[in-house]
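**Student:** Below you will find the structure I want to go over with you.
Derivation of every value follows stated rules applied to the coordinates shown; laboratory data play no part. In this text, all values refer to a predicted model and were calculated from it rather than measured experimentally. Glycine also receives a Cβ, built like all others from the backbone with ideal geometry; neighbour counts cover every protein chain displayed.
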Amino acid sequence: MKVLLIGSGGREHAMAWKFAQSPKITELLIAPGNAGTAEVGTNVDIGVDDHADIVEFAKNEKIDLVVVAPDQPIVDGLCDLLRQSGITTFGPSAAAARIEGSKIWSDDLMTKYAIPTAESVAFSDSRLAMEYGRSKPTGSLVVKADGLAAGKGVILPETDDDLDSAIIGMLDHGAFGKSSASILLAQRMTGPEASVFAFVDGEHVSAEIATCDYKRIGEGDVGLNTGGMGAYGPPEFWTEELAYQVRTEILEPTAKALVNENSSFSGVLYAGLMITDSGPKVIEFNCRLGDPETQILMPMLESDLLEICLSIGENRLDTQTVMWSDSPHTFVVAVSDGYPGSYDTGVEITGVSEAAEHGVVFHAGTKTDDDEALLTSGGRVLGVTGSGETISESRNAAYAGIAMISFAGMKFRRDIAERAIQGDKD
């Protein structure tokens, strides 16, 4: 089978790495890909936003399956365009992707179908939003841009002035363009967070898997939000009872709700959850695999990814059994100096083959030059996934791999999975 994977990040390298293990694959193409995907397939110089070019390429190359991985092209309707052209596609429709593309639409869906989440109110007028904010206890609200904002559209203000600044920045100053033309003010929840993933085809929901990720740039969860600095799984607090509750109260009802709203979902449903004292509640939904979570999900997936994606593309997920390993995995990201702000690119990277002796190296912002030297090309550069019989072992393996890698200005968090180790010992 000829497969075309859309994307260029660490998530896409992990997916390409997994696709390449399928005995059914004959050719794997990645558009545009990175230096890591080039090792397991063939990169194609087409951008993720070049929808017409992607459709034309898929037709001309007689691609059997297109897998759309990033959120923006999914929300913008690339999967719909491909299907309209008769191309088997993995990824939800633009209608179903509203569950990520509009936090207000998603919140309305959860309210209508009694899916547990925080109390939220939508605003497009800054004065009304600030009045509402002042009526609530200081520091009790979260400000969320309605649309996609590259993972930076959620602000947790600690003071009333911070709240006003966030509201004005989004609604009046267009901090995230049209994505912040409307906002949600949500009650802040407390408890451990989990990222839960399941393959979905209409009302059919596969076995789920839970992970934890780290969004802030600094140790101890301080500093600016990033695309993700690392992840581990399964979480130390994840139990069979909690998994059952999430499945029956959140995942399955959401899949059914989308069908009822004529927005049947096909692809990966990603629920960002807060495990509160009163049970799991949805922070947000995403319509695709997460990054950095995919870099542990793919090594933990015991089933054939190609078979799963093809079955969803052909609306027959119910014929597949999705199996996940319960072996602990940890992924640590190395980033460029200055990230998530401005940073240099074109910096040479060394030690990748040595790192691979300790775990799996997944590339993100990497490229090769004319002399085949490996160079940085982004903020999140690459990372190492370690595995083991315990979370501690998997963490040690990941950090042993990261220690082998070097590039000028390289930064990484040293506390990924640290909070899980006490639970690991208990």
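**Student:** Which residues does the label zone of MET1 cover in region 15-49, counting backbone N under 16 Å from a point 7 Å along Cα→Cβ?
**Tutor:** Hits in region 15-49 for MET1 at 16 Å: 15-30.
**Student:** Right, something else. Determine, for ARG98, ARG419, the number of other Cβ atoms within 10 Å of each Cβ, and report the residues in order from fewest to most.
**Tutor:** In order of increasing Cβ crowding within 10 Å: ARG419, ARG98.
**Student:** Provide the packing ranking of 287-300, 47-60, 194-207, i.e. peptides ordered by the mean count of other C-beta atoms within 10 Å per residue, highest first.
**Tutor:** Packing proxy ranking, top to bottom: 287-300, 194-207, 47-60.
**Student:** Using only alpha carbon pairs under 8 Å that are at least six residues apart, calculate the relative contact order of region 133-263 and give it in whole percent.
**Tutor:** 19
**Student:** While we're looking at this one, here's another question. Can you give the extra length, in nm with one decimal, that the chain gains between ARG247 and ASP370 once fully stretched, where that is 0.36 nm per residue apart less the Cα-Cα distance?
**Tutor:** Full extension from ARG247 to ASP370 adds 39.3 nm.
**Student:** What is the fewest-to-most order of HIS329, HIS173 by other Cβ atoms lying within 10 Å of their Cβ?
**Tutor:** Lowest to highest Cβ neighbour count: HIS173, HIS329.
**Student:** If I compute semi-axes √(5λ) of the Cα gyration tensor in Å from the structure I just sent, which labelled value in [x] 31, 26, 23; [y] 46, 25, 19; [z] 35, 26, 21 lines up?
**Tutor:** It is the one labelled [x].
**Student:** Kindly write out, for region 358-371 in residue order, the coupling ³J(HN,Hα) from the Karplus curve 6.51 cos²θ - 1.76 cosθ + 1.60 (θ = phi - 60°), rounded to whole Hz, with x marking Gly and Pro.
**Tutor:** These are the phi-based 3J(HN,Hα) values: 9, x, 9, 8, 10, 7, 10, x, 10, 8, 10, 8, 5, 9 Hz.
**Student:** Oh, and also: When ranked by the protection proxy of mean other Cβ atoms within 10 Å per residue, highest first, what sequence do the peptides 10-19, 221-230, 99-108 form?
**Tutor:** Descending packing order for the listed peptides: 10-19, 99-108, 221-230.
**Student:** In addition: Using 30 Å as the Cα-Cα cut-off, could you pick out the over-long pairs in LYS281/LYS367; LYS112/LYS178; LYS281/LYS411; LYS112/LYS136?
**Tutor:** Violating the 30 Å limit, Cα to Cα: LYS281/LYS367; LYS281/LYS411.
**Student:** Ok, one more. Roughly how many nanometres apart are two label points built 7 Å out from the Cα toward the Cβ at GLU393 and SER278?
**Tutor:** 4.1
**Student:** In whole Hz, with x marking every Gly and Pro, tabulate ³J(HN,Hα) for region 200-205 from phi via Karplus 6.51 cos²θ - 1.76 cosθ + 1.60, θ = phi - 60°.
**Tutor:** Those phi angles translate into 10, 9, x, 8, 8, 10 Hz.
**Student:** Hey, can you list the DSSP H helices of the chain whose Cα span along the axis is 18 Å or longer and whose average Kyte-Doolittle score is at least -1.0?
**Tutor:** 391-404
**Student:** Still on this structure, please answer the following. Using label points projected 7 Å from each Cα along Cα→Cβ, tell me how many nm separate ASP162 and GLU314, to one decimal.
**Tutor:** 5.2
**Student:** Let me ask something else about it. Applying a 10 Å radius around every beta-carbon, put 1-9, 133-141, 116-124 in order of their mean neighbour count, most first.
**Tutor:** Top of the packing list down: 1-9, 116-124, 133-141.
**Student:** Using the Cα centre of the chain as origin and beta-carbon charges of +1 (Lys, Arg) and -1 (Asp, Glu), tell me which of GLY338, ASN262, TYR244 is placed farthest towards the positive end of the dipole.
**Tutor:** Of GLY338, ASN262, TYR244, it is ASN262.
**Student:** Separate question: Any idea how far apart THR190 and GLN84 come out in nm if each label point goes 7 Å out from Cα toward Cβ?
**Tutor:** In this crude spin-label approximation the distance works out to 4.9 nm.
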